[in-house]
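Enquirer: After the structure tokens below, expect a handful of questions from me.
The values are calculated or read from the model by the stated rules, or taken from the named source; none is laboratory data. Being a predicted model, the structure only gives us computed values, none of them experimental. Ideal geometry is used to build each Cβ from the backbone, glycine not excepted, and the neighbour counts take in all protein chains shown. When the accessible area is computed, the model is the full protein with side chains, heavy atoms only, and any ligands, DNA or RNA have been set aside. Shrake-Rupley method; radii C 1.70, N 1.55, O 1.52, S 1.80 Å.
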Amino acid sequence: QICNQHNAEAPNLEQVFHRMAQTEANLDHDVSWFLLPSYWAKTVVALISFLCFANSYDGDFVFDDSEAIINNKDLRAETPLGDLWHHDFWGSKLSSNTSHKSYRPLTVLTFRINYLFAGGFYPVGFHVINIILHCTISVLMVDVFSILLGGLQFSNKGRRLNLAPKTSLLAALLFAVHPVHTECVAGIVGRADLLCALFFLLSFLGYCKAFRESKHKEGYNFSVFWVLVSVILGAVAMLCKEQGITILGLNAVFDALVINKLNVLELIQKLLHKDKSLENIGLLRKGLLFRITLLMSGGASILYLRWRIMGTGPPAFTEVDNPASFADSLFVRAINYNYYYSLNAWLLLCPWWLCFDWSMGCIPLIKSVSDWRIIALAALWFCLIGLICQALCSEDSHKRRILTLGLGFLIIPFLPASNLFFRVGFVIAERVIYLPSIGYCILFTYGFSLLSKQAKKKKILAAAVLGILLINVMRCALRSSQWRSEEQLFRSALSVCPLNAKVHYNVGKNLADKGNQSAAIKYYREAVRLNPKYVHAMNNLGNILKERNELQEAEELLSLAVQIQPDFAAAWMNLGIVQNSLRRFEEAEQSYWTAIKHRKKYPDCYYNLGRLYADLNRHIDALNAWRNATVLKPEHSLAWNNMIILLDNTGNLAQAEAVGREALGLIPNDHSLMFSLANVLGKSQKYKESEALFLKAIKANPNAASYHGNLAVLYHRWGNLDLAKKHYEVSLKLDPMAPGTKENYNLLRRKLEQLQKKGG
């Protein structure tokens, strides 16, 4: 429904084109830049944004992708779709004390669709969608910047005019190629920021669509329908990531400044002087208060529903995630928060030093005014105050509008990450600058237009900006390649944040996963040195030392880890394994039960507890522990195998057979279970069925010497001596030192020789 519609004469075309020419003179007229038709401008932006990040399409799942995607049960078909609306971004229940309260169900839904279409965890499809999203957003930026820089005006046919085609193209290119966006595009979990930005922009464009220039007087008519659509799109943006809600505030700012041409300084002065002529400056102009009321009501309702779903408790973060927020002194907190803001601003201005994680000592706290880094705060506020003064006090209304919109888009989307309203779980996160970079691009482009007016050699200035764009394209390509694998990503951070314990931890973990334990130990030790309370590094280092039989140091590290964090279940279990190896069985049992107390559903701990009981010949307890492991994790192959072997060794063949069949029913393709059950069936003289299982296990794992050796024993018992000889020989070829195989083979050869003599 369109409000204030009137039949009137056709608009004065001369006035329309006069306004257009006047706006061009303010911004585009003196700018030496490419002038392209809208279609070609969008095509160029799409191609260049694709070029920046195309090499990330075949990257792996890296860093947070493991938790948000691979380990997230909400992606799997067996999880009801309804669960997405009650879980956080990582798949945990929002009601859980450990939940980060990041509520992004629509983003998780897109991951789930990716997973279902790909038929599994294949990262290419995930990466391709991210690249397409960034290209789409960059194309939309052409329209957004044309409105923000050129204003909202229409032709006599009602089509929106692009009054800043050059500068809107430049701003969109600056956005498309900004290297700080690499984390959002090349890191799959950045999908949340991309989807949020997409609906954020659609909400803004929808709000702009609500307005049409009045045909009978100066001003605009507006559509309530499109205002409501804008609110709904803002809600969708928030369901992708929390920052999305800020678009409602920006729409209100845009309405006041562009639609109602509000002079903020004049309004403040009149309010201070209690001037009764407020309607003359546009505050009470028909429709503004109504639209802002709609936006505020919609925003309040969305936030209320979000709060109800999230629960009343705030997310739980630790000091290492955001040390400034845990500082006792308000002064220290304020100084460091402002220092973080200055670093975010620097990343927008000079995105050369980029890091996947800025926590854990990467940025040491400022604790006194004598710290030289205070200069960064002073520089930030000097620039901000200067821009704010110009935005408020300039006599040029066009300048006031662009600077205010630029500052609005820079600051307002950043507010949820500012620590002002609630504690956040990071120091700096490049992904949260995706939306604020819109404001940066506006300010940069406006500064370029001002310089162009003053510069005598405009082409040199344009060449310099083109050079910046080309450097950013190359930086994006380089950074995208670093995000293709964890090894490259983690190592790239060593030079940027050498004091970050998490960087060293992740490099060490990556090396350990690849089997390079010696190098991993070096990085784990450095992580513990940088952060002596880093329990996860202690746990992983203790594990490696345990495997290298350096049990004394392993025990010391794991004991320290559980002392620092008494509810660290994994460290308690690993401590139990070390104590078991040191033959301190009572202490080991106590450690295992402590781990289970802190993590009740802990199948691996029950498995290790069962091994302890087996070593102590407490067979019933061992079987019960392994049974608990399989109840909690039905695919726990090791627990099933140990149950079969223990029952087999204690002569309970019928029970062993029953357990083996139950296990294979749950894990039908596990060759180790086939092998164990085949051994039991062979002893029960069920030779045919045993043979079939042995052959199936060998087909799945043909290089297992024990499989061939035990099949040979079966044939030996069965009387198939030629086949027994064949598999003994294969077993010895695979493992010449296989225990018992050589003796059995020699016995068989003697038997064959005796048979040959009798036959002769």
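Enquirer: Is it true that GLY150 is open to solvent by 10 Å² or more (accessible area, probe 1.4 Å) and small (Gly, Ala, Ser)?
Expert: Details: open to solvent by 10 Å² or more (accessible area, probe 1.4 Å): no; small (Gly, Ala, Ser): yes.
For GLY150, the condition - open to solvent by 10 Å² or more (accessible area, probe 1.4 Å) and small (Gly, Ala, Ser) - is not met.
Enquirer: Taking the condition assigned by the TED database to the domain that holds SER56, in contact (Cβ under 8 Å) with a residue 24 or more places away in the chain, touching a helix residue (DSSP H, G or I) at 6+ places or on another chain (Cβ under 8 Å) and over 23 Å from ARG431 (Cβ atoms), does LEU149 pass? I'd like the intermediate steps shown before the answer.
Expert: Values: assigned by the TED database to the domain that holds SER56: yes; in contact (Cβ under 8 Å) with a residue 24 or more places away in the chain: yes; touching a helix residue (DSSP H, G or I) at 6+ places or on another chain (Cβ under 8 Å): yes; over 23 Å from ARG431 (Cβ atoms): yes.
When the stated conditions are applied, LEU149 passes them.
Enquirer: Test ILE412 against the stated conditions and say whether it is closer than 25 Å to SER325 by Cβ, under 34 Å from the mean Cα position of the chain (by Cα) and not in a helix (DSSP H, G or I).
Expert: Working: closer than 25 Å to SER325 by Cβ: yes; under 34 Å from the mean Cα position of the chain (by Cα): yes; not in a helix (DSSP H, G or I): no.
No; evaluated as a whole, the condition is false for this residue.
Enquirer: Just the residues that are closer than 29 Å to SER397 by Cα and small (Gly, Ala, Ser), please, taken from the range 443-463.
Expert: Residues satisfying the conditions are GLY447, SER449, SER452, ALA455, ALA462.
Enquirer: Could you tell me which numbered condition GLY386 fails, if it satisfies all but one of (1) open to solvent by less than 60 Å² (accessible area, probe 1.4 Å); (2) outside any helix (DSSP H, G or I)?
Expert: Result: GLY386 passes all but (2).
Enquirer: Out of curiosity, is ASP328 at pLDDT below 95 and either open to solvent by 30 Å² or more (accessible area, probe 1.4 Å) or outside the structural domain of PRO436 (by the TED database) (or both)? Break it down into steps so the answer makes sense when it comes.
Expert: Details: at pLDDT below 95: yes; either open to solvent by 30 Å² or more (accessible area, probe 1.4 Å) or outside the structural domain of PRO436 (by the TED database) (or both): yes.
Yes; evaluated as a whole, the condition is true for this residue.
Enquirer: Taking the range 40-84, which residues are open to solvent by less than 50 Å² (accessible area, probe 1.4 Å) and assigned to a loop (DSSP other than H, G, I, E, B)?
Expert: Selection gives GLY59, PHE61, VAL62, PHE63, ASP64, ASN72, THR79.
Enquirer: So which pairs qualify, if the first residue must be in the range 240-252 and part of a helix (DSSP H, G or I), the second must be of a type in the set (Val, Ile, Thr), the Cβ gap must be under 6 Å, and the two must be at least 6 apart or on different chains?
Expert: Correct list of pairs: CYS240/THR107; THR246/ILE412; GLY249/ILE412; LEU250/ILE412; ALA252/ILE292.
Enquirer: Of all the residues that make up the range 354-368, how many are in contact (Cβ under 8 Å) with a residue 12 or more places away in the chain and exposed (fewer than 12 other Cβ atoms within 10 Å of the Cβ)?
Expert: Start the filter on the range 354-368 by keeping residues that are in contact (Cβ under 8 Å) with a residue 12 or more places away in the chain, which leaves 354-367.
Then keep just the ones that are exposed (fewer than 12 other Cβ atoms within 10 Å of the Cβ); that gives 364.
Of the residues in the range 354-368, 1 are in contact (Cβ under 8 Å) with a residue 12 or more places away in the chain and exposed (fewer than 12 other Cβ atoms within 10 Å of the Cβ).
Enquirer: Moving on to the next point. Among the residues of the range 479-500, is any under 30 Å from SER32 (Cβ atoms), in contact with a helix residue (DSSP H, G or I) (Cβ under 9 Å, 6 or more places away or on another chain) and surrounded by 14 or more Cβ atoms within 10 Å (Cβ to Cβ)? Explain how you work it out, then say what you get.
Expert: So the first thing to find is which residues in the range 479-500 are under 30 Å from SER32 (Cβ atoms), and the list is 479.
Right, trim to in contact with a helix residue (DSSP H, G or I) (Cβ under 9 Å, 6 or more places away or on another chain) and you get 479.
Now narrow it down to the ones that are surrounded by 14 or more Cβ atoms within 10 Å (Cβ to Cβ): 479.
Yes - at least one qualifying residue is present in the range 479-500.
Enquirer: Residues in the range 108-127: is at least one in a helix (DSSP H, G or I) and farther than 25 Å from LEU81 by Cβ?
Expert: Initially, the range 108-127 is screened for residues in a helix (DSSP H, G or I), giving 108-118, 123-127.
Those still in the list that are farther than 25 Å from LEU81 by Cβ too: none.
So far as the range 108-127 goes, no, none of its residues is in a helix (DSSP H, G or I) and farther than 25 Å from LEU81 by Cβ.
Enquirer: Return yes when TRP640 is surrounded by 20 or more Cβ atoms within 10 Å (Cβ to Cβ), free of Cβ contacts under 8 Å to residues at least 24 places away in the same chain, aromatic (Phe, Trp, Tyr) and not assigned by the TED database to the domain that holds TYR728 and no when it is not. First the steps, then the outcome.
Expert: Numbers: surrounded by 20 or more Cβ atoms within 10 Å (Cβ to Cβ): yes; free of Cβ contacts under 8 Å to residues at least 24 places away in the same chain: no; aromatic (Phe, Trp, Tyr): yes; not assigned by the TED database to the domain that holds TYR728: yes.
Answer is no for this residue.
Enquirer: How do the pairs read when you match residues in the range 648-674 that are acidic (Asp, Glu) with residues anywhere that are open to solvent by 60 Å² or more (accessible area, probe 1.4 Å) and part of a loop (DSSP other than H, G, I, E, B), using Cβ under 9 Å and keeping only pairs 6 or more apart or on different chains?
Expert: GLU657/LYS686; ASP670/GLU635
Enquirer: Of the numbered conditions (1) crowded, with 19+ Cβ neighbours inside 10 Å; (2) over 21 Å from the mean Cα position of the chain (by Cα); (3) part of a loop (DSSP other than H, G, I, E, B), TRP90 fails exactly one; give the number of that condition.
Expert: Only one criterion in (1) crowded, with 19+ Cβ neighbours inside 10 Å; (2) over 21 Å from the mean Cα position of the chain (by Cα); (3) part of a loop (DSSP other than H, G, I, E, B) is unmet by TRP90, namely (2).
Enquirer: So if I check each of LEU755, LEU747, LEU721, which one is over 52 Å from the mean Cα position of the chain (by Cα), open to solvent by less than 50 Å² (accessible area, probe 1.4 Å) and more than 30 Å from PRO634 (Cβ to Cβ)? So that I can check it myself, show each step before the final result.
Expert: Values: LEU755 fails: open to solvent by less than 50 Å² (accessible area, probe 1.4 Å); LEU747 fails: open to solvent by less than 50 Å² (accessible area, probe 1.4 Å).
Sole residue among the options that is over 52 Å from the mean Cα position of the chain (by Cα), open to solvent by less than 50 Å² (accessible area, probe 1.4 Å) and more than 30 Å from PRO634 (Cβ to Cβ): LEU721.
Enquirer: Give me a count of the residues in the range 466-478 that are closer than 21 Å to LEU170 by Cβ and either open to solvent by 40 Å² or more (accessible area, probe 1.4 Å) or free of Cβ contacts under 8 Å to residues at least 12 places away in the same chain (or both).
Expert: First pass over the range 466-478, keeping only residues closer than 21 Å to LEU170 by Cβ: 466-477.
Remaining after also requiring either open to solvent by 40 Å² or more (accessible area, probe 1.4 Å) or free of Cβ contacts under 8 Å to residues at least 12 places away in the same chain (or both): 466-468, 470-471, 474.
Total meeting the criteria: 6.
Enquirer: Right, something else. List pairs: first in the range 441-454 and on the phi > 0 side of the Ramachandran plot and assigned by the TED database to the domain that holds PHE409, second modelled with pLDDT under 95 and assigned to a helix (DSSP H, G or I), Cβ under 6 Å, 6+ apart or cross-chain?
Expert: From the range 441-454, no pairs qualify.
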